[in-house]
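Can you read through this structure? Questions will come right after.
Derivation of every value follows stated rules applied to the coordinates shown; laboratory data play no part. Not measured: the values here are computed from a predicted model. Cβ placement follows ideal geometry from the backbone for every residue including glycine, while neighbour counts extend to all protein chains displayed.
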Amino acid sequence: MTRPKLIRQIFPPYLLVLVLSLLSFLGYASYSFRNFYLDQNTLELLSRARLLENQVLPLLLPLQPEKLDILCKTLGKTSSTRITVILSSGKVVGDSEENPDKMESHSTRQEILEAKQGRTGRSIRYSRTLENNMIYTAIPLYQGENKLVAVLRTAIPLTSLDHQLTTLWVHLTIAGILVSLLAGALSLWIVKSIARPMEEMKAGAMRFAQGQLGKMPVPETEELASLAEAMNEMAKELEKRIHTIIHQKNELETVLASMVEGVMAIDPAERVLSMNASAAKMFELDPEESCGRNIQELIRNSAFQKFIIKALVNLEILQEDITFYAGEERILSVRNSPLHDPGNHVTGTLVVIDDVTKLRRLENMRKDFVANASHEIRTPLTTIKGFVETLYHDPSIEPDQSKRFLEIILRHVDRLNAIIEDLLSLSKIEREKENEEIAFSKDDVVDILHTAITICQGKADEKNIHIDFHASEVLPALMDKTLLEQALVNILDNAVNYSHENSTIEVEAEGVEADIMIRIRDHGIGIPKEHLPRLFERFYRVDKARSRKLGGTGLGLAIVKHIMEAHKGTVSAVSTPGKGSEFTLQFPRTRL
Ligand code: ADP
């Protein structure tokens, strides 16, 4: 919609008022001038009549019409005035312009009627005799005190009045036009000088609208100045509030961004209102690009999609675990809470996502551990029970056979013992690690390696395995000597167990920057790649039967892992099936 400009709204009515007042002034001025002119001429004509009165009266008593007429004509010519003498009967006896005998009775003329009533008469009208507009005045002429004998009339044509009025009109009109132009220009200037600061204020307000909340110029006019000041005040307040809002928003964003949990707000049309960095990372999304887009399009996971639909429809707090694949499988715990506006209307739902993959894995591991431990213990127990029952119920068993049975029972008891030893050892390390009770002391890693090799040497010799050891002379480090020895023995024992006869095991130890690095490499059966990630879990074994046969508990590497963790270190394995395995222990020389 195009709105008229201020100048177009103010200027035309202003000009109209100006022209109308000018026209009224012109009308009033010419009317006043005409009246003034007529009044002046009336007075003039009357005084002329009074001057003539004394010359006319003697020629009326007795009446001398010829002389009167000559007197009228002579005086009329010299004074440029029409002079007429009319008897009380109405008969004209002398006239400066006409032959009185030819003139009709004047008794009904208005000025004559007024004069006959004893007043001075006046009339303005068209004269047929002179064919002109005339102003007539008439005075009564008395004989003695009050005997009316005649009326003396003086008149002049109004041609000069018309002429003067026309001249006045022309002058006034020219002056009016000039004044109008001047007033027009002045009003234009006034309107512009009002509009200019308003235009500047408009530009200032536009700048405010565009977010540039600096000061707008303050005009000089009081009203506009207070408006501009009020707007500046408003802009200042606005800036303060925007600043507060931005500050609060930043604070909120910082809180949301630093949250480990993913947070996303979704409107009832399933569009993303906002999401924090954690949520974007979990679902591999761009937080900026995702805003305003449909969540179902963004996250193509049917469990999550169903959860969002339920959360938006039910408006109650829900909690669910969903499995999400992004490179690897992850378990996300999602819960919602409805979003409300200040009027308590539901405006969507807020979803909080927790990556519980580790937690759930740990829970599963714990469950598995209990199941595995029970299973591991039950197997030898069942065997022991079976043989004990046989021995108990069957007295006819030959001594040779019962000896064999007892040997089996003993082996399984040893196995049970080994499992319980390892379990106790694990829980002890865990407890000491948690309570920070591990006895760290400065010792030589090379020394401990020598001891561990000596412990395993007997078993290695049985298989004719050569243990090749390379290390610097001394490698001092802060450690729990007994635990580190136990870790090394476990790895070396495995290396011997899973190595072929007549092979070699290489052991290396060195200092790498702030760390101690120990490598134990065998040339045995190796470990298939898929088993490597789970190798350090409790009771995890690549080949259960083989491990049992070798007297393994499935806890050796789990113990190694815990010992290394207690030393703020790591253990890792690389292996090629059929070629051999390499286990690396790495831990800092001094405690961090
Ligand atoms: P175990 O008591 O059965 O040896 P560990 O925890 O020490 O239990 O080892 C777990 C499993 O890892 C073993 O059962 C075995 O399958 C595999 N393993 C460990 N060390 C080696 C190695 N040097 N060569 C091949 N397999 C190994």
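Could you please report the charge total around Arg411, scoring K, R as +1 and D, E as -1 over all other residues with beta-carbon less than 12 angstrom from its beta-carbon?
+2
Exposed loop sites here are GluC sites (Glu not before Pro) in DSSP loop states with at most 13 other C-beta atoms within 10 Å. What is the longest stretch of the chain lacking them?
317-435
Roughly what angle does helix 399-434 make with the longest principal axis of the chain, taking Cα atoms, 0 to 90 degrees, to the nearest 10?
Taking the Cα atoms of the chain, the angle to 399-434 is about 30 degrees.
For the Cα atoms of the chain, what angle does the longest principal axis make with the long axis of helix 222-258, in degrees from 0 to 90, nearest 10?
10
Pick out, in residue order, every one of the trypsin sites (Lys or Arg not before Pro) in the range 550-581 that is DSSP loop and has at most 14 other C-beta atoms within 10 Å; say none if there are none. The partial results should precede the final answer.
Numbers: sites: Lys561, Lys568, Lys579; in loops: Lys568, Lys579.
Passing both the DSSP loop test and the Cβ count: Lys568, Lys579.
Let me spell out the model: positive unit charges on the Cβ of Lys and Arg, negative unit charges on the Cβ of Asp and Glu, origin at the Cα centre of the chain. What dipole size does that give, in debye rounded to 20?
4100
Quickly work out the Arg411-to-Ile242 label distance, labels modelled 7 Å from Cα along the C-beta direction, and quote it in nm with one decimal.
Inter-label distance under the simple model: 8.5 nm.
Excluding same-chain residues fewer than 8 positions from Lys73, which lysines have a Cα within less than 16 Å of its Cα?
Here the lysines satisfying the reach criterion relative to Lys73 are Lys102.
Tell me, how many Å apart are the Cα centres for the range 110-126 and for the range 165-241?
The range 110-126 and the range 165-241 have Cα centres spaced 62 Å from each other.
Right, something else. Could you give the length gained by full extension between Trp189 and Arg360, i.e. 0.36 nm per residue of separation minus their alpha carbon distance, to one decimal place?
Working: separation 171, 0.36 × 171 = 61.56 nm, distance 8.24 nm.
Length gained between Trp189 and Arg360: 53.3 nm.
Set the Förster distance to 56 Å, then compute FRET efficiency between Gln117 and Met198 from the Cβ-Cβ distance, nearest 0.05. Mind dumping the intermediate values first?
On the way: r = 69 Å, r/R0 = 1.24.
For R0 = 56 Å, the calculated efficiency reads 0.20.
Need the C-alpha centroid separation for the range 259-302 versus the range 16-32, integer Å.
After rounding, the separation between the Cα centres reads 78 Å.
Ratio of alpha-carbon Rg to the 2.2 N^0.38 Å globular estimate for the range 437-588, to two decimals, please.
That ratio works out to 0.99.
Right, another one. Please work out how much length the chain gains when fully extended from Glu145 to Ala230, using 0.36 nm per residue of separation minus the C-alpha to C-alpha distance, in nm with one decimal.
21.9 nm
What percent of all Cα-Cα pairs in the range 11-163 falls into each 5 Å bin, going from 0 up to the bin containing the maximum distance?
Binned Cα distances yield the sequence 2, 9, 17, 21, 17, 10, 6, 5, 4, 3, 3, 2, 1, 1, 0.
Here is a follow-up. Using DSSP to call loops (not H, G, I, E or B), can you name the trypsin sites (Lys or Arg not before Pro) in the range 1-88 whose Cβ has at most 12 other Cβ atoms within 10 angstrom?
Those that pass, being in a loop and sparsely packed, are Lys5.
Per-residue ellipticity at 222 nm for the chain, helices alone: DSSP H runs ≥ 4 residues times -39500 (n - 2.57), over residue total, nearest 500 deg cm²/dmol?
The per-residue figure over the chain is -18500 deg cm²/dmol.
Another question about this same structure. Any number yet on Rg/Rh for the range 264-377, C-alpha, Kirkwood?
1.10
Kindly flag which residue pairs out of Lys442/Lys561; Lys306/Lys367; Lys549/Lys579; Lys463/Lys544; Lys428/Lys529; Lys358/Lys561 have an alpha-carbon separation exceeding 24 Å in this structure.
As for pairs spanning more than 24 Å Cα to Cα, those are Lys306/Lys367; Lys428/Lys529.
Sticking with this structure for a sec: Modelled label-to-label distance, Arg207 and Asp321, 7 Å Cα→beta-carbon offset: nm?
6.1
Between Leu424 and Val388, how high is the FRET efficiency from 1/(1 + (r/R0)^6) when r is the Cβ-Cβ distance and R₀ = 35 Å? Nearest 0.05.
Details: r = 24 Å, r/R0 = 0.70.
Plugging the Cβ-Cβ distance into 1/(1 + (r/R0)^6) gives 0.90.
Let me ask something else. To the nearest 0.05, what FRET efficiency results for Val170 and Ser32 with a Förster distance of 22 Å applied to their C-beta separation?
Plugging the Cβ-Cβ distance into 1/(1 + (r/R0)^6) gives 0.80.
Let me ask something else about it. Lys192: which lysines have alpha carbons under 28 Å from its alpha carbon, excluding same-chain residues fewer than 8 sequence positions away?
Straight-distance partners of Lys192: Lys5, Lys202, Lys215.
Could you work out how far helix 6-56 tilts from the main Cα principal axis of the chain, as a 0 to 90 degree angle to the nearest 10?
10
In the neighborhood of Asn146, defined by Cβ-to-Cβ distances under 14 Å, what is the net charge if each Lys or Arg adds +1 and each Asp or Glu adds -1?
+2
On a full-extension model of 0.36 nm per residue, what is the gain between Glu510 and Asn132, subtracting their alpha-carbon distance, rounded to one decimal in nm?
121.7 nm
What is the Cα convex hull volume of the chain when expressed per residue in Å³?
334
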